[in-house]
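One structure is given below, encoded as structure tokens.
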Amino acid sequence: MKNIRLKMARIEHDLSQGELAEKVGVTRQTIGLIELGKYNPTLNLCISICKTLNKTLDELFWEE
Amino acid sequence: MFGKNKNVDERVKNLQNKIYKEMYYVIIFACLISILIKYMTMGVPLQNVTTEWLILLISSVYYFIRAAYLGVFTDEVEIHDSTSKVKLSTKYIIFGVAVGMVIAIIFGVNSAFNYAESTQQAIYFFFLVFFVSLFMYALFFAGFLILIYVLAKKKSDQVVQRILEDKDSKW
């Protein structure tokens, strides 16, 4: 399932996939795959992304 | 700032580990094929296949030591025993006996074909060599594997215990 909320949050911060990837220390492909719902990140990476985008885990990763 | 360079993409790392795992299987398979081909072309002397046996032995021993000293072996046993009806320790014994049996059959057939002069003698040689080899090798391999299992489990349990105690004291 695509993670639209992550994509929106990233765009809100005016970050490209590559820029977000650099900030959290992964590759652009990984961010791309997370947004496409094709890769499940570890909790550590989720937290790192949340901190970078000033969001909570629930806001970005909890599926209703 | 400097720490950022140490970051490794977890997805890439996972995929690389997957490749390493497959690579290990390829190497093991190549060794086994090499042993088989050498047995068929050069006969059974052990010195022909020493390198292959060493690769198989050293890689297995290395895995057991690392798994024990990182405490992963305890997790492995726990996961296996909670999902399987047969305990891992029992499987080790069964595997040891199976390996012993395969070797016993090979030796039995070898004796029957190479040393017997009649069919009756061939059958007698086969069973004689088979049972003696089975007794020796099955006992050896089962004992060896269970010994490795017990030692690795003991060490791994100690490591896990120490890690958990460290974590408790920090919290």
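Taken together, the values in this text are just the output of simple stated rules run on the coordinates, not laboratory data. All of these numbers come straight from a predicted model, not from anything done at the bench. Glycine also receives a Cβ, built like all others from the backbone with ideal geometry; neighbour counts cover every protein chain displayed.
For chain B, modelled as a GNM whose springs connect Cα atoms under 10 angstrom apart, the maximal fluctuation among B:L36, B:L15, B:L46 occurs at B:L15.
Rounded to the nearest whole angstrom, the semi-axes of the ellipsoid equivalent to the stretch B:1-70, taken from the Cα gyration tensor as √(5λ), stand at 36, 14, 9, largest first.
Using alpha carbons only, the radius of gyration of the protein assembly as shown set against its Kirkwood radius gives Rg/Rh = 1.17. Hydrodynamic estimate: the Kirkwood radius of the stretch B:73-118 over Cα pairs, inserted into Stokes-Einstein at 25 °C and 0.890 mPa s, corresponds to D of 189 µm²/s. Residue by residue along A:25-35, Cβ atoms of other protein chains within 10 Å of the local Cβ number 3 on average. Convex hull volume per residue, computed on the Cα atoms of chain B, equals 172 Å³. Scaled against 2.2 N^0.38 Å for its residue count N, the alpha carbon radius of gyration of chain A is 0.95. Taking 17 Å as the cut-off, the amide N atoms of the stretch A:26-48 that come nearer than this to a point 7 Å along the Cα-to-beta-carbon line of B:L15 belong to A:26-42. Computed from backbone phi, the HN-Hα couplings of the stretch A:55-64 come to 10, 8, 4, 4, 5, 9, 10, 7, 8, 6 Hz, rounded to whole numbers (Karplus: 6.51 cos²θ - 1.76 cosθ + 1.60, θ = phi - 60°; Gly and Pro given as x). For the cross-link pairs B:K87/B:K154; A:K23/B:K21; B:K13/B:K85; B:K91/B:K154, the ones whose C-alpha atoms lie over 27 Å apart are A:K23/B:K21; B:K13/B:K85.
Here the spin labels are modelled as points 7 Å beyond Cα on the Cα-Cβ line, and at B:I58 and A:T42 they lie 3.0 nm apart.
Annotation for the stretch B:22-86: trypsin sites (Lys or Arg not before Pro) lying in DSSP loop with at most 14 further Cβ atoms inside 10 Å of their Cβ are B:K85.
In chain B, helical runs assigned H by DSSP with n ≥ 4 each contribute -39500 (n - 2.57); averaged across all residues and rounded to the nearest 500, the mean residue ellipticity at 222 nm is -29000 deg cm²/dmol. Computed from the C-beta positions of B:S89 and B:L46, the FRET efficiency with R₀ = 35 Å rounds to 0.75.
When the alpha carbon gyration tensor of the stretch B:71-170 is reduced to an equivalent ellipsoid, its three semi-axes come out at 44, 12, 7 angstrom, largest first.
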